[in-house]
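Pasting a structure here, questions to come.
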C-alpha cells in the first residue's frame, strides 16, 4: 500500500533535545545525496518542554510531507518516555532506534546524543558518509563540529 | 556537481520569492504558522516590520500598494479576523502596486484557539485566492499573486496551512526577474475614498474584475490536471493535493491553485471526464459546496473529516467511505511554563487568592493547566479586558471583587489598549484590576519584538510604548510596577489591597523572559551605546 521507493523516518523527543536539528541534518544529507526530500515538523510547543517530532521522507519522488502512521521505516527516539506515544508510526518490522543503544559515557558532549543516534541510523540508509559529514558541518556552529563528528562516528560504529 | 535546489519551508520560500519579486515592504503580527515569513524576509535583506496588530499591518501594506509599491501583510488565520475591516474595503478601493495578504491557517489547531477556514474570506471579501501545495509553489505562486494583483489592481489572498508553511521541500529559484515598477503617487479619489457615492460604482467594478479573473482562470497554469487516468477523479487544493496523490496514485486529479474565483468550465469538464469525483479538502467543505451549488455532482468527505488536518491515511479512509472511529494516538507530553518563568509566581498568587481570571493569549495561557489551574476564560487577543469588565458589571459584588484581567505585553499592545480605555470609560461599580505580564518580548511565537520593547523587528532602538505612562495618561489612578519573584509577598499584598477597593488598578508585573533575558540586556547595551553616539 505504501510508496516503496520512499524511505520514511520519524524522529521524536522532547523540546530542547535537538529533534529538529537532527531532522535538519538528516534532510540535508539526503538532499546532498540527490534525492527528493520532504521534512515536516510542528513548531510552537517545543521550547516549553513539550513533545516534538519531525518526519523526514526521501526517495525519487516524495508526495505528502508527513509519514503515514504505520509506514515509518525508522523511528528514532531521543527520550525513552517518547517511545510509546510514537510507536504507532512504525511499520511492521520497522526499526526502532533508542538512546540506550548509545554508550553515552563515550560521548565528548552529552548534548550530541541526537547526532550519535543519527550515526546509528546512517548504517541503514543509502546516503554516503561524506554527505552526512558535510551536512553536520553545515548545520552546526564550528565549535561543535569536533564533538558531533565524534558522536556520529560513535553511533555509526565504523 | 552543483545543485541549485534549496530545502526551504513554505514560509522561507515565500520570503525568498518576495525578495526576488521586489516586494518593498512586509508587515505583520507574529502568529504560528506565519511568523517565519517576515523573519526570513528580514534575514534576506527585505524591509520587514512587526505591527501592533494585523489590522495595522494590512493598512500599512495597503498604503504602500496605494503608492504603487509591492507589499505583503502576513498573519495567522485568526489574524485575518482582525485585518478583515481593511481587507473588505481594500477590495473596493483596489491598489496600484501589488497587495498580497498572506493567511497561514491552522487546521488541526497545532497552536491556535480555533481552526477556522479562511478560504471563506476570499468569497466574502471578493478577492482572488491562491493556495500553494508545497514550498516550490509557495515560491512560484507569489510571482503569480503579484501579477494578478497588479494586472487587476486588487488585493490577493495567499492562503496556506501549517503543513505548507512549516514543511521543508525543495525549491529551485528563478533567475533574471525584472525589477518592480517605481513607487509613485497617482491621485485617484473616486477609487480610494469610499464614501457611498464612490463605493457603489466601486462594487460594480470589483464584481467585473472577479468575472474577468474567473474567465482567465479557465486557462491559467495555476490549475492543472495531474495523476493517473482514473476512473476515480479527485478535485483538491493545497497540501491535500500531496496526500491525495499518494493515497490514490491512479486517480485523475484536478489540482486547483487559484481557488477563488473557481474555473467552473474546467471543473465541469473534469467531472464529466471521470466516473466518480471526490473533493478532497481540509477544513470546511468550501470547494465541495461551491461546486455542488454550481450543479455538479461531486462527493464530499464525511463530517468527521472536517475536524483536524488531513493526511494520507485519512484521505484513504475518505475515498473508501470509512466512517469507523479513528484511533486516538497516545498524548505526548504537553507544554508547560518554563521552570523559572516569571509568570509562575503571578498565577500561584491568583490561585491562592481564589481570583476569577479573565485570561488572554500567550505563554501564560498555559496557566489554565495543572499545577496552576488559574485561568477561567481565554477567547481572542485582548478579550481579557472586555470579558473581565463584563463579569465585573453583572456578577454579585462578592464575586465581582474576585475578577482580574490578565494580559501579556505584546497582546496588550495588539488589542488591550482599547480595553484599557473601556475600563476607564465604563468603570464597573466594584472597580477592576488589570495585570499586564511584561516579559519584554512576544514569547510564545518565538521571541519577537513589539512596540512595548522599544525595538524593531531587527532589534534596533525605536519608539517605545510605556504601559504605566499610557495607563496614567488615559486616567487610571492606581498604577503599580512590580517585579514578580517567587516567595515574595509583594504581589499578593498589592493584589489583596487592590481587590478590596472600588478603584481601577493596573499592575505591571515586569521581568524579562528567562529564555531571552541575556539577549535583551545585549540589545539594551547596544542601544545605549548607539544613543551616546558610539557605534
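Give all pairs with beta carbons closer than 6 Å in which a residue from region B:508-532 that is more than 14 Å from every other protein chain (Cβ to nearest Cβ) meets a residue that is part of a helix (DSSP H, G or I); count only pairs at least 6 apart in sequence or on separate chains.
From residues that are more than 14 Å from every other protein chain (Cβ to nearest Cβ), the pairs are B:508/B:467; B:508/B:468; B:509/B:346; B:512/B:520.
Scan region B:259-271 and tell me whether some residue there is in a strand (DSSP E or B), more than 12 Å from residue B:299 (Cβ to Cβ) and in contact (Cβ under 8 Å) with a residue 60 or more places away in the chain.
Scanning region B:259-271 turns up at least one residue that is in a strand (DSSP E or B), more than 12 Å from residue B:299 (Cβ to Cβ) and in contact (Cβ under 8 Å) with a residue 60 or more places away in the chain.
Looking at residue B:297, is it more than 23 Å from the chain's Cα centre (by Cα), away from chain A (no Cβ under 14 Å) and exposed (fewer than 15 other Cβ atoms within 10 Å of the Cβ)? Before you say what the answer is, go through the steps one by one.
Details: more than 23 Å from the chain's Cα centre (by Cα): yes; away from chain A (no Cβ under 14 Å): yes; exposed (fewer than 15 other Cβ atoms within 10 Å of the Cβ): yes.
The answer is yes for residue B:297.
Of everything in region B:112-141, what is assigned to a helix (DSSP H, G or I), away from every other protein chain (no Cβ under 14 Å) and within 21 Å of residue B:242 (Cβ to Cβ)? Give them in sequence order.
So in region B:112-141, the residues assigned to a helix (DSSP H, G or I) come out as B:119-125, B:135-141.
With away from every other protein chain (no Cβ under 14 Å) added as a condition, the list becomes B:119-125, B:139-141.
Those that are assigned to a helix (DSSP H, G or I), away from every other protein chain (no Cβ under 14 Å) and within 21 Å of residue B:242 (Cβ to Cβ): B:119, B:139, B:140, B:141.
Evaluate region B:346-359: report whether one residue or more is within 14 Å of chain A (Cβ to nearest Cβ) and surrounded by fewer than 24 Cβ atoms within 10 Å (Cβ to Cβ).
Pass one, region B:346-359, residues within 14 Å of chain A (Cβ to nearest Cβ): none.
No, region B:346-359 has no match at all.
While we're here: I need the full set of residues from region A:29-64 which are within 7 Å of chain B (Cβ to nearest Cβ) and either touching a helix residue (DSSP H, G or I) at 6+ places or on another chain (Cβ under 8 Å) or buried (at least 24 other Cβ atoms within 10 Å of the Cβ) (or both), in order please.
Hits for region A:29-64 are A:37, A:38, A:39, A:40, A:41, A:42, A:43, A:48, A:51, A:63, A:64.
So for region B:243-252 (the condition being assigned to a helix (DSSP H, G or I) and more than 32 Å from the chain's Cα centre (by Cα)), does at least one residue qualify?
The initial filter retains those residues of region B:243-252 that are assigned to a helix (DSSP H, G or I), namely B:243-247.
So of that shortlist, the ones also more than 32 Å from the chain's Cα centre (by Cα) come out as none.
No, that holds for no residue.
Which of the residues spanning region B:82-97 are touching a strand residue (DSSP E or B) at 6+ places or on another chain (Cβ under 9 Å) and touching a residue at least 60 places away in the same chain (Cβ under 8 Å)?
Residues satisfying the conditions are B:82, B:87, B:90, B:95, B:97.
For region B:322-338, give me the residue count where each residue is modelled with pLDDT under 90 and either more than 8 Å from chain A (Cβ to nearest Cβ) or surrounded by fewer than 19 Cβ atoms within 10 Å (Cβ to Cβ) (or both).
Total meeting the criteria: 7.
Same structure, new question: May I ask you to list the residues in region B:95-120 that are crowded, with 24+ Cβ neighbours inside 10 Å and over 19 Å from residue B:30 (Cβ atoms)?
Step one: filter region B:95-120 for residues crowded, with 24+ Cβ neighbours inside 10 Å, giving B:95, B:97-107, B:118-119.
B:95, B:97, B:98, B:99, B:107, B:119 - these are the residues of region B:95-120 that are crowded, with 24+ Cβ neighbours inside 10 Å and over 19 Å from residue B:30 (Cβ atoms).
Something else now. For region B:223-233, indicate whether the set of residues that are in contact with a helix residue (DSSP H, G or I) (Cβ under 9 Å, 6 or more places away or on another chain), surrounded by fewer than 22 Cβ atoms within 10 Å (Cβ to Cβ), within 12 Å of chain A (Cβ to nearest Cβ) and more than 16 Å from residue B:315 (Cα to Cα) is non-empty. First the steps, then the outcome.
Within region B:223-233, the first condition is being in contact with a helix residue (DSSP H, G or I) (Cβ under 9 Å, 6 or more places away or on another chain), and the residues that meet it are B:223, B:225-227, B:230, B:232-233.
Next, only the ones that are surrounded by fewer than 22 Cβ atoms within 10 Å (Cβ to Cβ) stay: B:223, B:225-227, B:230, B:232.
After this cut, where a residue has to be within 12 Å of chain A (Cβ to nearest Cβ) as well, the list is B:226-227.
Retained after the next criterion (residues that are more than 16 Å from residue B:315 (Cα to Cα)): B:226.
Yes; the residues of region B:223-233 include at least one that is in contact with a helix residue (DSSP H, G or I) (Cβ under 9 Å, 6 or more places away or on another chain), surrounded by fewer than 22 Cβ atoms within 10 Å (Cβ to Cβ), within 12 Å of chain A (Cβ to nearest Cβ) and more than 16 Å from residue B:315 (Cα to Cα).
Next up: Quick test for you: out of A:67, A:19, pick the one residue that is under 12 Å from the mean Cα position of the chain (by Cα), closer than 20 Å to residue B:164 by Cα and more than 7 Å from every other protein chain (Cβ to nearest Cβ).
Details: A:67 fails: under 12 Å from the mean Cα position of the chain (by Cα).
Criteria check complete, one pass: A:19.
Just checking, how many residues over region B:448-474 are crowded, with 16+ Cβ neighbours inside 10 Å, in contact with a strand residue (DSSP E or B) (Cβ under 9 Å, 6 or more places away or on another chain) and part of a loop (DSSP other than H, G, I, E, B)?
Of the residues in region B:448-474, 8 are crowded, with 16+ Cβ neighbours inside 10 Å, in contact with a strand residue (DSSP E or B) (Cβ under 9 Å, 6 or more places away or on another chain) and part of a loop (DSSP other than H, G, I, E, B).
Which of the helices (runs of 4 or more DSSP H) contained wholly in region B:142-242 include at least 3 residues that are over 24 Å from residue A:38 (Cα atoms)?
On the way: elements: B:162-166, B:189-192, B:196-217.
So the answer is B:189-192, B:196-217.
Could you check how many residues of region B:300-313 are out of contact with any helix residue (DSSP H, G or I) (no Cβ under 6 Å at 6 or more places or on another chain) and either part of a helix (DSSP H, G or I) or surrounded by fewer than 18 Cβ atoms within 10 Å (Cβ to Cβ) (or both)?
7
The values are calculated or read from the model by the stated rules, or taken from the named source; none is laboratory data. Since this is a predicted model, take the numbers as computed values, not measurements. Using ideal geometry, Cβ is built from the backbone for each residue, glycine included, and neighbour counts are taken over all protein chains shown.
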